[in-house]
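**Student:** Take a look at this one; I'll ask things after.
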Amino acid sequence: MGTDQPAHDHRGPVTPGDRPPRPGRVPLLDNTLAMFRDPLGFYDRVGRMDADVVGFNVAGTTGYFVTHPDLVEQVLVTDDARYEKGQLLRDALGEFIGEGLFLLEGEEWREQRTALQPAFYRETVAAYGETMTDFARRTADGWDDGQRLALLPAMQTYTLRVLGKTLLDVDIERTAEALEPLLSSLRVRTDPGSVSAYTPLWVPTPTNREVRRARADFEATLDDIIAARQAESADERAARDDVLSLLLSLDEATMDRERLGHQLLTFLVAGHDTTALTLTYALFLLANDSGAQRRLHEELDATLDDDPTPSDLFDLPYLDRVLTEALRLYPPAFTTFRQPTEPVRLGGYDIEPSAQLTIPQYLVHRDERWYDDPDAFRPDRWTDDFEAELPDYAYYPFGGGPRHCIGMRFARMEAKLALATLCRRYRFEAVTEPPLELGMRITLSPTEPVEVRVRERD
Ligand code: HEM
């Protein structure tokens with residue numbers, strides 16, 4: 001495919017020198033207020049503009065939405081070497097995870113990705129399956145028949161436990177205490193609707209002070225964990241299969257103490273809320289679709305005699321479709337950011353290197369050019385034929401190209417093992433009904449509690 005000519009149906013001819021359309025009547029109108037007040041509404045407005053590249057200006061930053069799958073592929077895959085993650089992300093997160101895999105660039109990124117890859121090989125991830133199912137079973141054990149349940153906090157506790165065990169292999173209650181405050185203050189700092197998102201970290205706002213305190217607690221806890229590891233015998237260390245062991249086994253030049261902290265925090269930030277939200281949305285969708293939930297129960301009952309193992313997942317195709325469709329409708333990573341390192345041409349438009357590109361899963365996944373009835377939850381749309389027809393980057397909840405999510409296999413397996421374990425035991429009745437009120441934080445998050453009632457199955 002040529003880089004300037006999308007192969008799939010695209011919108012409107014572009015003449016050289018044209019500028020991408022912008023939301024707002026006045027060209028170059030500052031969109032900051034709209035973005036502050038209602039980020040999701042702003043995205044929806046961009047979606048309704050029927051253009052594959054849309055300009056915006058928020059808080060002094062000029063950027064472009066890129067909403068055609070072929071252009072998504074061009075930026076993330078084909079021309080990946082011409083883009084970096086960009087200033088917006090570095091400003092928001094650099095101080096915390098600038099040395100972590102998510103934000104590193106170039107040779108340093110490549111070296112770290114290669115060093116960390118073994119922790120995410122298929123066999124390694126499969127070995128985490130028991131932990132994932134075990135914590136899901138304990139989550140289910142804690143519920144009572146008929147109980148009303150707020151899904152997100154329950155799923156956040158679950159995914160933090162799984163990460164604590166698989167990443168750090170530590171007493172999770174202690175780690176959770178050190179982590180929760182840091183993760184929640186980072187959520188506030190990265191909410192585009194909050195002033196904090198635009199305030200440098202050195203400004204002593206209450207949020208920033210809280211972030212600093214939480215960060216210091218996290219580092220102190222990590223120091224304790226590392227010291228305990230270093231005191232272990234070689235045999236004890238060899239018996240561990242957590243990610244921290246891998247990081248500690250790397251030489252100092254590849255992984256010094258600062259980078260180790262950034263890497264672990266990267267995994268925690270990238271893997272915790274994202275998976276908890278995926279589970280929350282999937283259970284919310286099932287609770288509001290009794291037909292889909294019944295189909296899932298039938299499949300689970302016909303296939304499983306006990307709680308699921310990773311190999312059972314091959315025999316649960318409907319479960320796979322439920323997850324795929326939930327991630328389409330509510331992609332926790334609702335957008336991907338990039339910044340060109342040189343002038344580039346996208347969809348016929350010239351784009352300057354200072355531009356922040358927003359490549360929004362949230363809009364592309366709901367584009368009616370690729371999805372019939374795009375706002376409907378229809379797991380059955382994911383037939384082999386449908387997938388064969390779908391443009392590659394009309395669906396990319398885990399990103400694409402060399403920087404795609406290293407935790408994808410981990411996250412999909414965790415989500416499926418948890419859903420299978422929980423849905424075997426319980427039927428979920430809707431308390432919160434659609435439409436969900438959503439906010440764009442670091443992830444796509446509900447702004448109100450998402451509640452269900454849990455009913456034990458016989
Ligand atoms: C449903 C859950 C998840 C979703 C939707 C998700 C989504 C994504 C996306 C879209 C990217 C690419 C970002 C970009 O191109 O700028 C990414 C990268 C990344 N994710 Fe995930 N993720 C999930 C779970 C996880 C888990 C469980 C982990 C780790 C345990 C993880 C670790 C990472 C890391 C380290 C990167 C950066 C990779 C690199 O740049 O080389 N993610 N994720």
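The rows are residues; the columns are (1) assigned to a loop (DSSP other than H, G, I, E, B); (2) more than 30 Å from Pro391 (Cβ to Cβ); (3) under 17 Å from the mean Cα position of the chain (by Cα); (4) modelled with pLDDT of 95 or more.
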site: Gly100; (1), (2), (3), (4): yes, yes, yes, no
site: Leu104; (1), (2), (3), (4): yes, no, no, yes
site: Ala115; (1), (2), (3), (4): no, yes, no, no
site: Arg137; (1), (2), (3), (4): no, yes, no, yes
site: Leu149; (1), (2), (3), (4): no, yes, no, yes
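Yes/no per residue for (1) modelled with pLDDT under 95; (2) surrounded by 22 or more Cβ atoms within 10 Å (Cβ to Cβ):
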| position | (1), (2) |
| --- | --- |
| Gly399 | no, no |
| Arg409 | no, no |
| Ala418 | no, yes |
| Glu429 | no, no |
| Thr432 | no, no |
| Leu444 | yes, yes |
| Glu451 | no, no |
| Glu456 | no, no |
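**Student:** I'd like to verify a number: residues in the stretch 391-443 that are over 14 Å from the mean Cα position of the chain (by Cα), within 14 Å of the ligand (Cβ to nearest atom) and of a type in the set (A, V, I, L, M, F, W, C), how many?
**Tutor:** 4
**Student:** Could you tell me which numbered condition Ile97 fails, if it satisfies all but one of (1) surrounded by fewer than 19 Cβ atoms within 10 Å (Cβ to Cβ); (2) closer than 22 Å to Ser185 by Cβ; (3) within 11 Å of the ligand (Cβ to nearest atom)?
**Tutor:** Here Ile97 meets the rest and fails (1).
**Student:** Residue by residue through the stretch 325-348, note down the ones that are open to solvent by 40 Å² or more (accessible area, probe 1.4 Å), outside any strand (DSSP E or B) and away from the ligand (no atom under 16 Å from the Cβ). Working first, answer last.
**Tutor:** Within the stretch 325-348, the first condition is being open to solvent by 40 Å² or more (accessible area, probe 1.4 Å), and the residues that meet it are 337, 341-343, 345.
Now drop any that are not outside any strand (DSSP E or B), which leaves 341-343.
Of everything in the stretch 325-348, those that are open to solvent by 40 Å² or more (accessible area, probe 1.4 Å), outside any strand (DSSP E or B) and away from the ligand (no atom under 16 Å from the Cβ) turn out to be Glu342, Pro343.
**Student:** Restricting to strands (runs of 3 or more DSSP E) lying wholly in the stretch 393-458: which have 2 or more residues that are closer than 22 Å to Thr133 by Cβ?
**Tutor:** Values: elements: 426-430, 438-440, 444-446, 451-456.
Once the strands (runs of 3 or more DSSP E) in the stretch 393-458 are filtered for at least 2 residues that are closer than 22 Å to Thr133 by Cβ, what remains is 426-430, 451-456.
**Student:** What are the residues in the stretch 311-324 that are crowded, with 19+ Cβ neighbours inside 10 Å and within 19 Å of Arg425 (Cβ to Cβ), if any?
**Tutor:** So in the stretch 311-324, the residues crowded, with 19+ Cβ neighbours inside 10 Å come out as 312-313, 316, 319, 321-323.
Answer for the stretch 311-324, where residues must be crowded, with 19+ Cβ neighbours inside 10 Å and within 19 Å of Arg425 (Cβ to Cβ): Asp312, Leu313, Leu316, Leu319, Val322, Leu323.
**Student:** Tell me which of these Asp145 doesn't satisfy, since it passes every other one: (1) assigned to a loop (DSSP other than H, G, I, E, B); (2) open to solvent by less than 20 Å² (accessible area, probe 1.4 Å); (3) farther than 25 Å from Ala227 by Cα.
**Tutor:** For Asp145, the exception is condition (2).
**Student:** Then there is this: Mind checking whether some residue in the stretch 329-340 is over 18 Å from Gly41 (Cα atoms) and of a type in the set (Gly, Ala, Ser)?
**Tutor:** no
**Student:** Another question about this same structure. Is it true that Leu167 is within 12 Å of the ligand (Cβ to nearest atom) and at pLDDT below 90?
**Tutor:** It is true that Leu167 is within 12 Å of the ligand (Cβ to nearest atom) and at pLDDT below 90.
**Student:** Could you please find all residues in the stretch 118-143 being more than 15 Å from the ligand (Cβ to nearest atom) and over 17 Å from Cys423 (Cβ atoms)?
**Tutor:** Glu123, Glu130
**Student:** Take the conditions of a type in the set (Asp, Glu) and outside any loop (DSSP other than H, G, I, E, B) and apply them to Asp373. Does it pass?
**Tutor:** Working: of a type in the set (Asp, Glu): yes; outside any loop (DSSP other than H, G, I, E, B): no.
No: the conditions fail for Asp373.
**Student:** Looking only at the stretch 241-254, which residues are open to solvent by less than 10 Å² (accessible area, probe 1.4 Å) and either away from the ligand (no atom under 12 Å from the Cβ) or closer than 18 Å to Glu105 by Cα (or both)?
**Tutor:** Leu244, Leu247
**Student:** Quick test of your reading of the structure: Thr207 fulfils all but one of (1) exposed (fewer than 14 other Cβ atoms within 10 Å of the Cβ); (2) hydroxyl-bearing (Ser, Thr, Tyr); (3) in contact (Cβ under 8 Å) with a residue 12 or more places away in the chain. Name the failing condition by number.
**Tutor:** For Thr207, the failing item is (1).
**Student:** Surrounded by fewer than 18 Cβ atoms within 10 Å (Cβ to Cβ) and in contact (Cβ under 8 Å) with a residue 40 or more places away in the chain, is that true of Glu368? Outline the logic, then answer.
**Tutor:** Details: surrounded by fewer than 18 Cβ atoms within 10 Å (Cβ to Cβ): yes; in contact (Cβ under 8 Å) with a residue 40 or more places away in the chain: no.
No: the conditions fail for Glu368.
**Student:** Mind counting the residues in the stretch 269-310 that are among the small types (Gly, Ala, Ser) and open to solvent by 20 Å² or more (accessible area, probe 1.4 Å)? Outline the logic, then answer.
**Tutor:** Filtering the stretch 269-310 down to residues among the small types (Gly, Ala, Ser) leaves 270-271, 276, 282, 287, 290-292, 302.
Right, trim to open to solvent by 20 Å² or more (accessible area, probe 1.4 Å) and you get 270, 290-291, 302.
The qualifying residues number 4.
**Student:** Same structure, new question: Which one of these does Thr358 not meet: (1) at pLDDT 95 or above; (2) buried (at least 21 other Cβ atoms within 10 Å of the Cβ)?
**Tutor:** (1)
**Student:** Can you confirm whether the stretch 58-81 contains a residue that is open to solvent by 40 Å² or more (accessible area, probe 1.4 Å) and aromatic (Phe, Trp, Tyr)?
**Tutor:** Within the stretch 58-81 (the criterion being open to solvent by 40 Å² or more (accessible area, probe 1.4 Å) and aromatic (Phe, Trp, Tyr)), the answer is no, since none of the residues qualifies.
The values are calculated or read from the model by the stated rules, or taken from the named source; none is laboratory data. This structure is a prediction, so every number in the text was calculated from the model and none was measured. With ideal geometry, Cβ positions are generated from the backbone for all residues, glycine too; neighbour counts draw on all protein chains shown. Accessible surface areas use protein heavy atoms only, side chains included; no ligands, DNA or RNA. Shrake-Rupley method; radii C 1.70, N 1.55, O 1.52, S 1.80 Å.
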